[in-house]
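Every number here is computed from the coordinates shown, using simple stated rules; none is lab data. None of the values given here were measured: they were computed from a predicted structure. Cβ: placed from backbone, ideal geometry, glycine included. Neighbour counts: every protein chain shown.
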């Protein structure tokens, strides 16, 4: 993106009645779309050539739900011509970026005055410079291969559980006190199948 | 036990992440995307430089695009707004594409290599007029300049930055400027036109500063009509309004002299009304009459001579200057299956530079336009290439007697789409070209495994990707088990039917419909919609399925209708008929005859119902269901919705037993001063609903009100039907209705104050979701209304069910006045909408997602759970478990749930969902200028293994387990042995 002098930025919000136009109440809306330099290269579109990176030539600016469409100049400026006074909505369509729609009030009483506010977060704009709120990543990122991810997968968990049962359980039994073990076995024998009463809360013996 | 529960929790969390989206390397596996530009209006070649040869085209769909001249691929493309019609295009300075659009008020320059807009200027003028764009090599103040005439003003614009160098108004009220001419090598411009239709005006203007040098005019006794044809830089030919007198007007050196020649002098037989064909060939012009196209040469001093009279459809190109002072033009004529391309020099009619005959597909119809370009052959002679636009809107490049490439740009204007099943695979017939053997299969899976373990080399990755994309499985011409392979049948505005394979998007067949062909009796045929006529299963499997194409002969609703029946396997039109009545509505009835032909009821403009097919069997079936047929009509202009039922046979003078009279049952009249209908929505007839009851958190049951006769209507204040921002919130409102179309009962009515359209709505099961603009918040909103049947609510009492005192078995009928309750909620949504639909699965078990076509031409999937009227800020624990999401004021946009991922479906018009046989999956087809197709599983593919499931990993695991069992067995035996020895 070409560097823009501060002087130009000051002129952004000027919206003069379109020069010598036939109708009196037609105005121009001028603004600028700014995509941060650093973002352009990794616009979530990858480098494999599935889509063009978020180039300025693929950005569209839409007024009132597509009633007027305009495109960006190389420096990011855009303008809508012959717009009646009133409240309008500007949307920016750029693959890879999320832009908030902008409410633009073109005043009829005070020609040349344009007020703008982002509708997503109600933030007022002192000048009509539209910047993406965030980047949009359309693809899931493949996690690089790791032992953890393999272990976390259902099959890995199954194997892990089986290993645990196969190796840890005998160890647990081994470490048990032989006395206690015998008692437990006896108890189980005496009980046979667990009775209903033992399952009920409060119905447990000892 | 603790371990088990821990594992369950772990499982639960690991499966909670909603990964519905794609990995980047999965692009193209299940989806395909095709780009089109539409019917070409004007084309300019760019072949001077040694770089890539291009052609720049503007189309009727307001697109400006550059195509590769070698392959026809799109380099770049811009879709202008709906009102931004392109008036003219040209190339300036060899690097900029100049477009004049919006009735001549916007002039833009685009960088030729990459399509970046370089400058834009807005041109205004005193009055509306014809727009003309003229590129010159004039240099004004060191800048190359363009001359633009638009809105009654002549502008000279700099090519470099779009600055207006000078302007000159032509304010005279009645002046109609026809041509702006710059004689080659001069520095003045002629502006010629008619004033008050009977006076010829000529202005000579200094091209350097816009100064008026001379103004001459001459009166003519008759009236001028239409176009003028330029036969030299200082002579024009015009026709009078009767079409019988030709005027040759020359303004050499600013002196006007005219000559009148009656057309009948040139031709022996009276030709009838003639019109001038616009062309720019020096010395020759063409007029077209009903019967023929006549080429006339101007031989000095206004003398005319007929050089050729052709009776075929003939198309002429503009002149192309091939060398110093020499011009050539192309003629294309039809002769049976061939077209003849002739390139002639302008000065000598009898000779020709090129004569070629090319075999042309009959399904492309006539040639509509031709553009030519020349190149120098190695032997220094001139070669020509021609770009032709056909009747079906396709674009072809002809060179050396052959078609170099063709583009099916008719697909940029699809009117309606339906689907058809493919033939069943027969035993013994192998359809796949390459059947993989076991070794290759295993090799493929080992490669895949390497890919998942990230051990693959870049070559391996490329091989995997190729293997996945080129899977022969998905493009077979037979039915598959999962129902993914189907034919998409699309009707285009040109009256052509295309069948696309869902596997890879290729065109299986295409057919230019005879019934939608222009003829004496049907001057302006237009296609309306497609219906499935015959869907054979069970006992009529030998029949091929067929589709019904409905059209009418003209734009008004009382024009006569036309029907065509097309075989969906072969594309043959086996029946085509012109109806004697109009078609206002087509109702597919839920009855089929013994050959599985579906009965259709066509309602004409006089509210008479006509039954098709016209067979005795159909009438028998229909008679028995006679009293169950209801329909409704919506009159948008007057705000009246009416319901009808059938009465008797037609009482016309002709005994037509397939025609029925209707009677009006009910009508809803909306107050026209406060409400205007803007949108209606109904349920998709193919939608299956799995369960009527909805279990809610506290073990309670709600019964959905499910009726196929539900109609959603949205109205706005008439003042607010315009664009956003034209009204204040106080004078704008949106009213929505839910209406039962059998009884006319309004089930629900709701008003949104301070809101306005456009409204997009989708109705499914027992809910409707609609999108509109809230003027107070100045944001878009989406609302949901769910409708529940209260009269069934008592059934949840267990005792009633036991005693049998319930009404669950009573049929749902529109006659019983069900007590309904509705729940509703609204949320903000960021984007404007172009289309909205809902996923459709075969049994309706899978949870639903909304598919939203945004203004950026992307398709976003949004879970229906986000639009649930029971959402609250703090859901209780029970509600959370049920899956209710805490309430937020706006709907989330998750970039990964764009099903079009990083693609755009330019000019998106509608999204069509079709159920696959696999319950989890919906087939989604989005069309506009582009086509996009994908499989979408709203709750993931829970009923089949995913595509990247690694069979090899499974095999290896099993082998490893078996090996481990053996090893442990041997080990344990050894240990036992050792224990015994001890």
Let me make sure I get this right: for the range B:170-224, a, b and c are the square roots of the gyration tensor eigenvalues over alpha carbons, sorted descending. Under 1.5 in a/c it's rounded, otherwise prolate if a/b > b/c, else oblate. Which is it?
prolate
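Restricting to Cα atoms and excluding each atom paired with itself, what does the Kirkwood estimate give for the protein assembly as shown in Å?
When all Cα pairs of the protein assembly as shown are included, the Kirkwood radius is 35.1 Å.
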Per-residue Cβ counts within 10 Å, from other chains only, averaged over B:114-125: what number is that?
5
Net lengthening on full extension, residue B:479/residue B:308 (0.36 nm per residue, minus Cα-Cα):
56.0 nm
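Most exposed first by the Cβ proxy, i.e. fewest other Cβ within 10 Å, how do B:822, B:293 rank?
Going from sparsest to densest Cβ surroundings: B:822, B:293.
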Taking the beta-carbon count within 10 Å as an exposure proxy, list B:143, B:636 from fewest neighbours to most.
B:636, B:143
For chain B: span of alpha carbons on each principal axis (Å, largest first):
122, 84, 59
Under the Kirkwood approximation applied to all pairs of distinct alpha-carbon atoms, what is the hydrodynamic radius of the range B:611-670 in Å?
13.0
So, relative contact order of chain B in percent, Cα under 8 Å, 6 or more apart, is 6
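Consider all pairwise Cα distances in the range B:467-521 and report the whole-number % of them above 19 Å.
That fraction is 42 percent.
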Give me the one-decimal nm value for the distance between modelled label points at residue B:749 and residue B:52, 7 Å along each residue's Cα-to-Cβ direction.
6.0
How many angstrom lie between the C-alpha centres of the range B:867-943 and the range B:73-144?
40
Which number do you get for Rg(Cα) / (2.2 N^0.38 Å) in the range B:886-981?
2.07
Round to the nearest 0.05 the FRET efficiency obtained for residue B:731 and residue B:873 when R0 = 30 Å and r is the Cβ-Cβ distance.
0.35
Along the principal axes of its C-alpha atoms, what lengths does the range B:514-637 span, in descending order and rounded to whole Å?
42, 38, 24
Reported to two decimal places, what Rg/Rh ratio describes the range B:128-275 when computed on Cα atoms with Rh from the Kirkwood expression?
1.02
Within 10 Å of each Cβ in B:718-729, how many Cβ atoms from other chains are there, averaged over the peptide?
4
Given the -39500 (n - 2.57) contribution per DSSP H run of 4+ residues, what per-residue ellipticity at 222 nm results for chain B, rounded to the nearest 500 deg cm²/dmol?
-3000 deg cm²/dmol
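Of B:732, B:475, B:972, how do they rank once you tally other Cβ atoms within 10 Å and put the fewest first?
B:972, B:475, B:732
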